[in-house]
Amino acid sequence: MRTLNSLKNTVGNLLNSLILNLLRFVSRIVFVKVLSEVYLGVNGLLSNVLGLLALAELGIGTAISYSLYKPLSLNDDKKCMVLMKFYRKAYRIIAIVVLALGLVLLPFLPWFIKDTNGIENLSIIYLIFLGNMVITYLFSYKRTLITADQKNYKITPFLVFFNFLTTILQIIVLLLFKNYILYLLVQTVCIILENVTVNGYIDKHYPYLKDIKNAGKLNDNELGEIKTNIKALMLHRVGGYVLTATDNIVISKFIGIVTVGIYSNYVLIYNALHNFIYTFVSNVTASFGNLIAEGNKEKRYKVFGELDFIAFCLYGVSAICLLFVLNPFIGFVFGPKFVLPLHVVLLIIVNYYTVGVNQVSIMVQSAAGVYKYDNFIPLLEAFINLTISVILANYIGISGVLIGTLVSYMLPLIIKPLVVFKYVLEKNVSVYFKTFIKQFIILCISGGIVFVLTSVTFNSLIVQIVYNLIVSLCVPTILIILIFGRTEEFISMKGRLVFLLSKFRKKTN
């Protein structure tokens, strides 16, 4: 059932991710054609600035999700009610705090931008972004319950519909009015409608939520456990924000808002691919939490090995594809002025791969709730990232920012597996690092082969894109099959895939 529920969630989220990212891409093309690249930069910058306010959430959602695994598996509705009542109250307080902090930050907004020329109504734009965030905190907390219950696939049709509606209406507004503020207000209205619809569905399938006002309170032990996890998660969230959400701020402050816009096109594409792949990993978090509760240590280790190998295959092959396809693709869709130098793209892709292959360790840590063992590491990562990024940005531009991010990524790449292997899997971590090095060398060899083969140039950019994609997809895939085809992880992954396909066929027949 864990496998089948994970499959349902994965298929549902993949469908949502595919449609959403396709629509976002179409919307981005229209956005670039209708509005200037300055507003493209503003869009990316404000998303990162407001990410700073999201730190007020403190990781409460993740802590509550972890606490819900056990009562959901035992069908303990009363305990779920108590947890959800606490969660609702916490998110209402967070919404108020975020709104207050957002208003305080408003006068300092120009500080984040090197040159504000060409940006009209910046304060109004910022307030709309802020309003969307506050609305989300007020209404979206119930989704944690259905996600922890491995039933997230049931609300996927609503998400797909509202994502489609939002993007189509935004494209229409851009074409008819060429107005960025109206473009953002469409999103506000659709966020409200989506949350009302999804919450109504969740209330229907978890009827005890309607009586949540009469739920009891958490006892001291339960509250203490949640507070312990929140304290640890708070530091993780701060470090995670600085690692992933400050690049645009540093680029805007020291290089320029236009560069943020150019870089954001690359971020849009690799984030779309990352989110698509991450769906495979994130949707087994609840299943892995349930597996941990069973106490079967050997099975945990075996499943971790499978997931880690899957992450390597997906992120590794996609990284090679992105490295050799991104520039010709960006040039074809947005134009030559939006293309970054190849060495900058290489840094972007190495960061992408580094983050991707570490997701399995992060997922297992989240499922097990073992946050306290690397509490202060995220702060060290944040310090390294900001220090190196700011210093190098003044000398080598955007490359310096990406190098700072890459250096800081090295810490979680080492620390997360150490924590997971010691406190969750209870195995020697040296095997993991040996495998990681072997996998990375194979990707480097693949990249070298693809670099030689794609040195052939064509007059047509479309032909170049297709040729590069085929070569960069086939070379690493063939090498992985030749080298890992007889390993336990590959055979197990193949067997699990056959099992899932057989179940899918039975359901469709």
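Worth pointing out:
- Considered as a group, the residues in region 384-413 that are touching a residue at least 40 places away in the same chain (Cβ under 8 Å) and either under 30 Å from Glu298 (Cβ atoms) or aromatic (Phe, Trp, Tyr) (or both) include one that is surrounded by the fewest Cβ atoms within 10 Å (Cβ to Cβ), and that residue is Leu413.
- Within region 167-198, restricting attention to residues that are in contact with a Ser or Thr (Cβ under 8 Å, 6 or more places away or on another chain) and among the polar types (S, T, N, Q), the residue that is nearest to Phe31 (Cα to Cα) is Gln170.
Rundown of residues vs (1) outside the structural domain of Leu72 (by TED's automatic domain parsing); (2) more than 21 Å from Leu193 (Cα to Cα); (3) surrounded by fewer than 17 Cβ atoms within 10 Å (Cβ to Cβ), yes/no style:
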position: Ala100; (1), (2), (3): no, yes, yes
position: Leu105; (1), (2), (3): no, yes, no
position: Phe112; (1), (2), (3): no, yes, no
position: Ile119; (1), (2), (3): no, yes, no
position: Ile124; (1), (2), (3): no, yes, yes
position: Ile128; (1), (2), (3): no, no, no
position: Tyr137; (1), (2), (3): no, no, no
position: Gln150; (1), (2), (3): no, yes, no
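- For the residues Ser67, Ser73, the requirement of being among the hydroxyl-bearing types (Ser, Thr, Tyr) and modelled with pLDDT under 80 singles out Ser73.
- Region 477-498: number of residues that are in a helix (DSSP H, G or I) and within 16 Å of Thr435 (Cβ to Cβ): 10
- Pairing each residue of region 146-167 that is in contact (Cβ under 8 Å) with a residue 60 or more places away in the chain with any residue that is hydroxyl-bearing (Ser, Thr, Tyr) and in a loop (DSSP other than H, G, I, E, B), provided the two are 6+ apart or on different chains, yields C-beta distances under 9 Å for Ile146/Tyr206; Asp149/Tyr206.
- Test result for Asp247, at pLDDT 80 or above, farther than 19 Å from Val360 by Cα, buried (at least 22 other Cβ atoms within 10 Å of the Cβ) and charged (D, E, K, R): yes
- Considering residues of region 443-454 that are buried (at least 16 other Cβ atoms within 10 Å of the Cβ) and without any contact (Cβ under 8 Å) to a residue 60 or more places away in the chain only, the residue farthest from Gly316 (Cα to Cα): Leu453
- Verdict on Leu182 being touching a Lys or Arg at 6+ places or on another chain (Cβ under 9 Å), surrounded by fewer than 20 Cβ atoms within 10 Å (Cβ to Cβ) and not charged (D, E, K, R): no
- Residue count for region 198-213, restricted to those that are part of a helix (DSSP H, G or I) and either in contact (Cβ under 8 Å) with a residue 60 or more places away in the chain or hydrophobic (A, V, I, L, M, F, W, C) (or both): 9
- Residue match in region 7-23 (condition: within 21 Å of Asn132 (Cβ to Cβ), modelled with pLDDT of 80 or more and part of a helix (DSSP H, G or I)): yes
- No other residue among Val360, Val339 is among the hydrophobic types (A, V, I, L, M, F, W, C), crowded, with 20+ Cβ neighbours inside 10 Å and more than 17 Å from the chain's Cα centre (by Cα) apart from Val339.
- Tally, over region 455-477, of residues that are of a type outside the set (Val, Ile, Thr) and within 11 Å of Val317 (Cα to Cα): 5
- One residue stands out among those in region 30-49 that are surrounded by fewer than 19 Cβ atoms within 10 Å (Cβ to Cβ) and within 26 Å of Phe158 (Cβ to Cβ): the one that is modelled with the highest pLDDT, which is Val30.
Quick grid of which residues meet (1) under 21 Å from the mean Cα position of the chain (by Cα); (2) not hydrophobic (A, V, I, L, M, F, W, C):
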site: Leu138; (1), (2): no, no
site: Asp149; (1), (2): yes, yes
site: Phe162; (1), (2): yes, no
site: Thr166; (1), (2): yes, yes
site: Thr188; (1), (2): no, yes
site: Lys231; (1), (2): no, yes
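- Among the residues of region 30-44, those identified as over 17 Å from the mean Cα position of the chain (by Cα) and either assigned to a helix (DSSP H, G or I) or within 17 Å of Arg92 (Cβ to Cβ) (or both) are Val30, Phe31, Val32, Lys33, Val34, Glu37, Val38, Tyr39, Leu40, Gly41, Val42, Asn43.
- Some residue of region 414-421 being in the same structural domain as Lys372 (by TED's automatic domain parsing), under 18 Å from Pro476 (Cβ atoms) and surrounded by fewer than 20 Cβ atoms within 10 Å (Cβ to Cβ): no
- Among the candidates Ile445, Ile481, Ile462, the residue that is β-branched (Val, Ile, Thr), under 22 Å from Leu323 (Cα atoms) and modelled with pLDDT of 95 or more is uniquely Ile445.
- Matching residues, region 499-509, being at pLDDT below 65 and in a helix (DSSP H, G or I): Phe499, Leu500, Leu501, Lys503, Phe504, Arg505, Lys506, Lys507, Thr508
The values are calculated or read from the model by the stated rules, or taken from the named source; none is laboratory data. Quantities reported herein were computed from a predicted structural model and do not represent experimental measurements. FYI the Cβ positions are ideal-geometry reconstructions off the backbone, even for glycines, and counts take in every protein chain you see.
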